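J.: My questions all concern the structure below.
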Amino acid sequence: MVDGQKSPGRPSFFHKPAPPGAAPPRPVAPPAPAPPTSPPPPASPPPPTPPDYRLAPPPGPSPNGPGAGPLRRPSFHGNGGTLFGIHVVNTLLTLVTLGIYYFWAKTRLRQYLFGQTQIEGDRFAYHGTGRELLLGTLKAVLVFGVPIFVLNVIRDVLDVGVLLKVGAGLISAILLFVFFPIAMVGARRYRLARTSWRGIRFSFRGRVWDMMKIFILGTFLTGVTFGLYYPYFLVARQTFMVSHSYFGSERFSFDGHGRDLFWPYVLAILLTLPTLGLGWVWYVARKRRYFWDHTSFGPARFACSVSGGPLLGLWAVNALLLVLTLGLAWPWVRVRSIHFAFGNLALPGPLDLARIQQDAQRVSAMGEGLSGFFDSGFDLA
Amino acid sequence: MRSDWAGTYLDGRTAARHPATIRLMREGLEITAAGGTRFWPYQELRQTQGSYAGEEVRLERGGELPETLLIPDAAFLQSLHEAAPHIGPRFHDPRRRSARIKWTIVAAGGVLAATVAIYFWGIPALAVLATPYVPVAWEESVGRSAMAFLAPPERRCGDAELGAAVDGVVRRLTAAGPPSPYTMRVYVVNRPVVNALAAPGGHVVIFRGLLERSGTPEELAGVMAHELQHILRRHTTRAVIQDVGTGLLLMALTGDMTGPLAYGLQTARALGDLRYSRRAEEEADREGLRMMMAARLDPGSMIAFFENIQKEAGAQPEVLTYLSSHPMPAERIARLRAMSATWQGPAEPLLPQADWPALTKRC
């Protein structure tokens, strides 16, 4: 099973390439989309992470049954005050250690956020460690950061031939391009593998190379079509991310199609000027709804009810809170966003928890050459 | 002390929850669940949740895929410490929570103190230490990318005669000084702003507003001498390092990499907003004035220009831009005047054939 040490990856999201054209207004803390596993991830489509299982009574006496009704919602029990306290201590230790503690700080925060997230009467648990996060970041710095830096120095600073400069610039650009899919897959693999619910681990089993193909094709077609292909690219990525995610032995699935987001996307572009960009909020809500509504786990399917107006309200108030407090209110902003996301998310339908078996994936450390490296996952704090 | 507690046992292999009865013993827990009884020694357990209000207590045993025990009532921990007083801080003690609040407040004070110390002392000291080691080639590359933003080619004044005149001023100033590793380049930018600024590696930007306000080439030389000194003394580079340091500090304070990273990437653009310390400004003044005198230019014209700007501030708000980045208290002028008193002359004219007022209008 999971072999310690290296980090497997985790969910996804993380950054999405900004849609060509207009950037959707992005308030500081995008509402945490994902339930459990990902309270902390920044903007992006919902990670399919939160599974929940049940309905089928587990073997043995099962006390979990009370609200096994058809409407299952995640809930968040943390509060801004505690989060603020954690943040204060984290900040002090980070400053005193000149930044080294950053990775442990991140881990503590995740432990708290995951541990306060509940579905079906049980909390999630985060099992990552600061050491893993530090090693993962070092790995990324060694394999991507240092070479890109050196190549850029060759390109911009050193006094060498034009050919060499062009070559260095090209390789640097390729490395940067390749870095995105690797980072997305690596981070998802790590975070999912370090998340559990009822003692059962999540996992991500997609291969980096497949993501790379989606990226290369998607970027190319998006460029060639002047951005119109972007919704298809987005859905292809989401399909890959969700349908390779597992809870124990059970897989999530995603049945969305790019054409369903095409017109909302085109509409958002057309309305950018008339609405001063605010139209993108409705697009973001639409996309989030679409992603969740097409994510299912066994016979159960997520249902998301986010809509543009309330989302805009959430973002506006959050932005106001942050500005008025010079950012000090961020723990409360975060909690608000999580409550908002969870309040709009449900998982109706039957769940057969008895079927689920622990099936954690082996997460290799650095060995196994390059492909082993790419598939071992790392997380960028 | 209560010794029997209700909880849930997870076997780590299935998603089933097994109701469990837990008995606190001196050396461990006796757990009855899933049709059997097991004994968990305290030394083999770790507590992963339950230190915060509202969390259930979570105890794990085993390696990567542990067995788990969940106890909803946090009072369990208190009883645990009573049952096994020798076990120490391995498990959270709810009675210590008020102490934790106290420590958090202390930590908040610590953050404040550390932030102030790092911002006002640590970062400037680090910048002073690091600046001499920054290669000139890097300064040039930073300066170049800043120019793409501050002086975009379509905004530069293309007039050849004006360009030659301005270059002549620079050459006169630099020729008098010791050799330097920088090639000074001056960009006249077609914006009405009354300001001039320097970027690392030998780039100076003069905005049209300031150019038009200079009555003689000597006055412009005064402004330029000041900016050139910022480059030669590497004030610009030091300011860039400080800016990056501030970005890192911000990152530590917010616990977020992405925002401050974006801030850091902005550095090149923000070069237009670089702030120098008062000492750096004084040094640029002093050395700038020496540069003027070494080039046999009348230091009085440098002072005159600064004085005019100062006087016009009330009537013409546009000169405030220059004053905001070059604060001009009365003692600054007085200091310059005292220094220039040693000047014996004679001054050699700068660009004698040029019709300066007409030239400055050609942008």
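J.: When ranked by the protection proxy of mean other Cβ atoms within 10 Å per residue, highest first, what sequence do the peptides B:135-142, A:113-120 form?
T.: Top of the packing list down: A:113-120, B:135-142.
J.: Looking only at other chains, what is the average number of their beta-carbon atoms within 10 angstrom of each beta-carbon in B:44-52?
T.: Other-chain Cβ atoms within 10 Å of each residue's Cβ, averaged: 3.
J.: Also, I was wondering about something else. Given B:Q353, B:P192, B:Y276, which one lies farthest toward the positive end of the charge dipole of chain B, if we put +1 on the Cβ of every Lys and Arg and -1 on the Cβ of every Asp and Glu?
T.: Value: B:Y276.
J.: Quick check: pseudo-label points 7 Å beyond the Cα along Cα→Cβ at B:R290 and B:R46, how many nm apart are they?
T.: So the label points at B:R290 and B:R46 sit 6.1 nm apart.
J.: Oh, and also: Nearest 5 is fine: what % of DSSP beta bridges in chain B come out antiparallel, could you say?
T.: In chain B, approximately 85 percent of DSSP beta bridges are antiparallel ones.
J.: Heavy atoms only, 1.4 Å probe, whole protein assembly: order B:C363, A:C304 by accessible area, highest first.
T.: Highest to lowest solvent-accessible surface, that is B:C363, A:C304.
J.: Further question on the same structure: Compute the whole-percent fraction of alpha carbon pairs in the range A:113-221 spaced more than 16 Å apart.
T.: Across the range A:113-221, Cα pairs with separations above 16 Å total 70 percent.
J.: Further question on the same structure: Pull out the extension gain between B:R100 and B:A148, defined as 0.36 nm times the separation in residues minus the alpha carbon to alpha carbon distance; nm, one decimal.
T.: Between B:R100 and B:A148, full extension yields 12.1 nm more.
J.: Report the calculated FRET efficiency for B:A75 and B:E282 (r = Cβ-Cβ distance, R0 = 56 Å), to the nearest 0.05.
T.: That pair, B:A75 with B:E282, gives E of 0.25.
J.: How do B:D4, B:D11 stack up against each other in accessible area, from largest to smallest, with a 1.4 angstrom probe?
T.: Highest to lowest solvent-accessible surface, that is B:D4, B:D11.
J.: On average, how many beta carbons from a partner chain sit within 10 Å of the beta carbon of a residue in B:112-120?
T.: Average per residue, whole number: 2.
J.: Shielding by partners for B:15-25, please: the mean number of other protein chain Cβ atoms within 10 Å of each residue's Cβ.
T.: Mean partner shielding for this stretch: 6.
J.: Once the whole set of protein chains is in place, how much accessible area is left on B:E30, using a 1.4 Å probe, in Å² to the nearest 10?
T.: 60 Å²
J.: Does a label point 7 Å from the Cα of B:D159, set along Cα-to-beta-carbon, have any residues of the range B:325-363 with amide nitrogen under 15 Å, and which are they?
T.: What the label zone holds, given the 15 Å backbone N cut-off, is B:354-363.
J.: Moving on to the next point. How high is the FRET efficiency between B:Y119 and B:M339 when r is their beta carbon distance and R₀ equals 35 Å, given to the nearest 0.05?
T.: 0.60
J.: Which of rounded, prolate or oblate describes the range A:166-255 when judged by the alpha-carbon gyration tensor and an a/c cut-off of 1.5?
T.: Oblate, since a/c reaches 1.5 and b/c is not below a/b.
J.: With a 1.4 Å probe and all protein chains kept in place, how much accessible area does A:R336 have, in Å² rounded to the nearest 10?
T.: Taking all protein chains as shown, A:R336 has close to 90 Å².
J.: Taking a threshold of 31 Å on the Cα-Cα distance, which of the pairs A:K139/A:K287; B:K311/B:K361; A:K106/A:K165 fall above it?
T.: Too far apart for the 31 Å limit: A:K139/A:K287; A:K106/A:K165.
J.: Let me ask you something else. Among B:P89, B:P192, B:P124, which one shows the biggest mean-square fluctuation in a GNM of chain B, springs joining Cα atoms closer than 10 Å?
T.: Between B:P89, B:P192, B:P124, it is B:P89 that shows the largest mean-square fluctuation.
J.: Specify which residue in the list B:Y133, B:A75, B:G122 is farthest towards the positive end of the charge dipole of the range B:55-181, using unit charges on the beta carbon of Lys, Arg (+1) and Asp, Glu (-1), about the Cα centre.
T.: Highest projection toward the positive end goes to B:G122.
J.: Follow-up. Note down the accessible area of B:T14, probe 1.4 Å, to the nearest 10 Å².
T.: Approximately 20 Å² of B:T14 is accessible to the 1.4 Å probe.
J.: Could I ask something else about it? Can you figure out the FRET efficiency of A:T275 with A:S305, using R₀ = 30 Å and their beta-carbon distance, to the nearest 0.05?
T.: Once the sixth-power term is evaluated, E becomes 0.85.
The values are calculated or read from the model by the stated rules, or taken from the named source; none is laboratory data. Since the structure is predicted, the reported quantities are computational estimates derived from the model, not experimental observations. Note that each Cβ is placed from the backbone with ideal geometry, even for glycine, and that neighbours are counted across all protein chains shown. Areas reflect the complete protein model, heavy atoms only, side chains present, ligands, DNA and RNA absent. Shrake-Rupley method; radii C 1.70, N 1.55, O 1.52, S 1.80 Å.
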